[in-house]
Amino acid sequence: MSSDARAALSAPAQIKSYSISSNEGKTAELIGGIIKLQYFESLLNDTISTNILYVDTGGAVDGKTVLDGLPLVGGEKSRFIMEDNQGTELEVTLYANDITPLSDDTHGQLISVSSVSKEYLLNEKIRLYEKFKGKISEAVKKILTDANYLGTEKNITGIDDTFEEEYNFMGNSKKPFYTINWLSKKAVPAVSGEEAASGKTAGFFFWETSEGYHFKSIDTLLGQEPKKSIIYNDTPDDCGKKVPEGYDVKALSFSKNNIQNTDDKEKVGARDTRLVTFNPFDGFYKVTTPNSGETEGSITTGGKKLATQNPELIRPGANKNFSRTTYAIKDIGSLPSGTTEQQLEKSKDENLKVEKVLNQSIMRYNQFFSFKAEVVIPGDFSLHAGDAVYIDSPQQQDKLTDGMNEQSGGLYIITELCHFLDLNGTYTKLLLVRDSVERTPKTR
């Protein structure tokens, strides 16, 4: 990239098109009146969304304002294309969800339009009634693509296979997104050629980016190679011309929140848990105590290791050292698949092995959000929620290292992303998390 291109990274990006079509068939181009645009992706949201501020001076539609001329009443289809200052395009089609007039006078009308994905709105009208059988990942694909359900035509190649054991369940008149997120907590990542993940880790995230829908395990996210390397320091970089070798961009701002509330972590069961299961067929009552120490070395982490627990806070005895208890009635012989004979053979099989999934997903979700950081960089539309980035920031002078913070630096996952455009510039704000400490090499 040339020095001139680097210097322009934070300049206002180009909105190539932003057209909106009314529910009655009229179309208006808003590109000339947009003064602010925000685009959002998040691991914790089912779909993407945008918000624009639009100044309408009138005459855009049949001599009237866009609000009155189309008119805007909700559900309108909009399509926009924008390009960052590195030439990366972002193109999405969304539907108006919230339309708010902010001011109205003789000089013009200022309106706020928030838009969401088509599937977000359809989700409110759809219920699942049938029996689903097979791998959880296949159920997720069916809910998304089946014409009887969401029927999306978006890319679903971001949906990873789950562990090959089948899980059968009834839709029970639940909404599609509710069901997918319910399944996320029961999913175990598929491990090629072995069952290493079963009983050690569980938990998936479901989310949308401009590239389509994703359903990925926590371990898969943390096992990625970083998409971008970001550095934050106080050294002048001459508008991006002097970014240190080995890094893609210098952060405009960077803050971290690595101070954990130990009591809160104990309450949610991030480290030590207890699971009580009951088999209704034979009355067998079982207590197990899954803990993070058992999984160390078997899970993929962003840093070198999980944070070390003070040994003085570990109570002796496996049945005493837990901070959260979950209870489960075993799902035995329900909804088996196959012929009548095959169903009879499976009548005593577990539908979901809760001892290998339930508390493991609780621990992984809470570990995943252990360390948080927030960074703002010049607008970069190539980044998406779920991508890995590598962050470095200086520490106090240390002759034994390269000067970078060895404790908090390293690989993080983008949990939330906002591309922000206005008349003054283009920026990308990233909310980052990871489960562990100590900086790892960029390529593992």
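Student exercise: in region 309-444, how many lysine pairs 8 or more apart or on different chains have Cα atoms under 22 Å apart?
Lysine pair count for region 309-444: 11.
Only sites in a loop by DSSP and with at most 14 other Cβ atoms within 10 Å count here; which GluC sites (Glu not before Pro) in region 261-366 make the cut?
Answer by residue number: E296.
Could you tell me the calculated FRET efficiency between E89 and D234, based on Cβ-Cβ distance and R0 = 30 angstrom, to the nearest 0.05?
So the FRET efficiency works out to roughly 0.35.
Which length gain, in nm to one decimal place, applies between T326 and L252 when the Cα-Cα distance is subtracted from 0.36 nm times their residue separation? Mind dumping the intermediate values first?
Details: separation 74, 0.36 × 74 = 26.64 nm, distance 4.37 nm.
Here the segment from T326 to L252 would lengthen by 22.3 nm.
Determine the gain in length on full extension of the stretch S347-K16; use 0.36 nm per residue of separation and subtract their C-alpha separation, reporting nm with one decimal.
113.2 nm
Find the relative contact order for region 334-444 and round it to a whole percent, using C-alpha pairs within less than 8 Å whose residues are 6+ positions apart.
Details: 157 pairs, mean separation 31.9, N = 111.
So the answer I get is 29 percent.
For a label point 7 angstrom out from the Cα of K227 toward its Cβ, which stretches of region 32-50 have the backbone nitrogen within less than 19 Å?
Only 38-50 fall inside the zone, counting backbone N under 19 Å.
Straight-line reach from K175: which lysines fall under 18 Å, measuring Cα to Cα and dropping same-chain residues less than 8 apart?
K118, K125, K131, K133, K141, K142, K185, K186
Against the globular-protein guess of 2.2 N^0.38 Å, express the Cα radius of gyration of the chain as a ratio, rounded to two decimals. Mind showing how you got there, number by number?
Details: Rg = 25.0 Å, N = 444, 2.2 N^0.38 = 22.3 Å.
Here the answer is 1.12, to two decimals.
Evaluate the Debye formula for region 38-174 with equal point scatterers sitting on the alpha carbons, no solvent, and hand back log10 of I(q)/I(0) at q = 0.09 Å⁻¹, in q order, two decimals.
Ignoring solvent entirely, the Cα scatterers give -0.41.
Quote the FRET efficiency, to the nearest 0.05, computed for K36 versus E138 with a Förster distance R0 of 51 Å and r equal to the Cβ-Cβ distance.
0.75
What is the sum of charges around E438, taking Lys and Arg as +1, Asp and Glu as -1, for the other residues whose C-beta is under 10 Å from the C-beta of E438?
On the way: positive: K304, K305, R439; negative: E406.
Local net charge: +2.
Computed from the coordinates by the stated procedures, all read-outs in this text should not be read as laboratory data. Please read all numbers here as calculations on a predicted model, not as lab measurements. For neighbour counting, all protein chains shown are included, and Cβ atoms are generated from backbone atoms with ideal geometry for every residue, glycine included.
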